[in-house]
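Please treat every number below as a calculation from the coordinates, not as lab data. These numbers come from a predicted model, not from an experiment. Positions of Cβ are backbone-derived with ideal geometry, glycine not excepted, and every protein chain shown enters the neighbour counts.
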Amino acid sequence: MKHLIAPSVLAADFGNLERDIEMINETEADWFHVDIMDGNFVPNISFGADIVKVIKKTAKKPLDVHLMVEKPERYIESFRDAGADNISVHYEACTHLHRTLEQIKKTGALAGVALNPHTPVALLEDVLELCDIVVIMSVNPGFGGQKFIYQSLLKVKALSEMITIKNLPVLIEVDGGVGLQNAESLLQAGARVLVAGNSVFASDNPHQTVYHLKNLGIHTLYA
C-alpha cells in the first residue's frame, strides 16, 4: 500500500482557511488532519465541530479528526455529524477504550487510538483488533511546530511488528515534527500515514513539499 499524507489544518492560516483548504485539495495529499484540543487534556484550545463543518464544505479529501480532549466519548457523534471520516481518541483520555472504539465504529467512521510519547505501544495489545488507525505522537500534543522525538521510530517499528504478527489491516499514523528530514525513516519503520503541519503550510512551495512527501523513496519502499 502506498503511504498517505495528511496535512494538519492546525498549521493553516485561519484568516485564509478556505484558501488553504483549496490549496491542499489541489495537491497529492490524501487526508486533512484536524486537531481538536480542549485546553484540559492538552494545554491549548483549537476549535470545535462548527469549524469542522466549515472545513468539510471545502475539503475534497477525508477529514482525519484527532480528539485531544478529555472524555472524548461525549463528542464522537457530533464530530461524525460535522464531517469526520476518521476519529482518533487518546489512550490516556479513555477510561473504557474498548467501548469508545466500538462507539466510533458504530458511527461508520474509521476508529483510531493515539498514544502520547510516554505511552508504550504494548498497551494496545487487547484493543488492536478494533483499531483502523494508531496514531503515534512524535511530539507532546498541544502545539504545532515542535521538535520530532526520535524514540518514536522505535515505537513505530514495535507497533508494526505487533500488527504483522496479528495480521491486521491497521494503519500506523505519525503526528508531530514530520517532514522530509525524517519521512523516509518513518516509512521504513512501518508508518503508513504521515501528518505534516508546518512542513507543508510553512513551505515556500506546499504543492512541491506534498509531492516529495508522497513520492519519497517510492521505488525502494514499494518495490
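If the limit is 30 Å between Cα atoms, which of LYS60/LYS157; LYS61/LYS147; LYS60/LYS166; LYS53/LYS106; LYS56/LYS106 go over it?
In this structure, LYS60/LYS157; LYS60/LYS166 exceed 30 Å between Cα atoms.
Please work out how much length the chain gains when fully extended from ASN198 to GLN151, using 0.36 nm per residue of separation minus the C-alpha to C-alpha distance, in nm with one decimal. Let's see the in-between values first.
Details: separation 47, 0.36 × 47 = 16.92 nm, distance 2.07 nm.
Length gained between ASN198 and GLN151: 14.8 nm.
Run the reach check for LYS57 against aspartates and glutamates, Cα to Cα strictly under 16 Å, same-chain hits fewer than 8 apart removed. What comes back?
GLU18, ASP20, GLU22, GLU26, ASP81, ASP85
Applying the Karplus parametrisation 6.51 cos²θ - 1.76 cosθ + 1.60 with θ = phi - 60° to the phi angles of region 175-192, what ³J(HN,Hα) value in whole Hz is obtained for each residue in order, glycine and proline being reported as x?
Along region 175-192, the couplings run 10, x, x, 8, x, 5, 6, 9, 4, 5, 4, 5, 5, 5, 6, x, 5, 10 Hz.
I need SER185, SER8 ordered by Cβ neighbour count within 10 Å, fewest first.
SER185, SER8
If amide H atoms are built 1.01 Å from N in the plane of the peptide, which residues on other chains or at least 5 residues away come under 5 Å of the amide H of LEU171?
Correct list: ILE133, VAL134.
Read through the labelled values (1) 56, 41, 29; (2) 43, 43, 36; (3) 43, 42, 30 and report the label of the one computed as Cα extents along the principal axes in Å from the structure.
(3)
Helix-derived [θ] at 222 nm for the chain: sum -39500 (n - 2.57) over DSSP H runs of at least 4, divide by residue count, nearest 500? Write out the running numbers ahead of the final one.
Numbers: 9 runs with 77 residues, N = 223.
-9500 deg cm²/dmol, from helical runs alone.
Please work out how much length the chain gains when fully extended from LEU168 to LYS53, using 0.36 nm per residue of separation minus the C-alpha to C-alpha distance, in nm with one decimal.
Values: separation 115, 0.36 × 115 = 41.40 nm, distance 3.18 nm.
Once the chain is fully extended between LEU168 and LYS53, it gains 38.2 nm.
Would you please give the residues with an amide H less than 5 Å from that of LEU4, counting only those at least 5 places away or on a separate chain, with H modeled from the backbone geometry?
Long-range HN contacts for LEU4: VAL193, LEU194.
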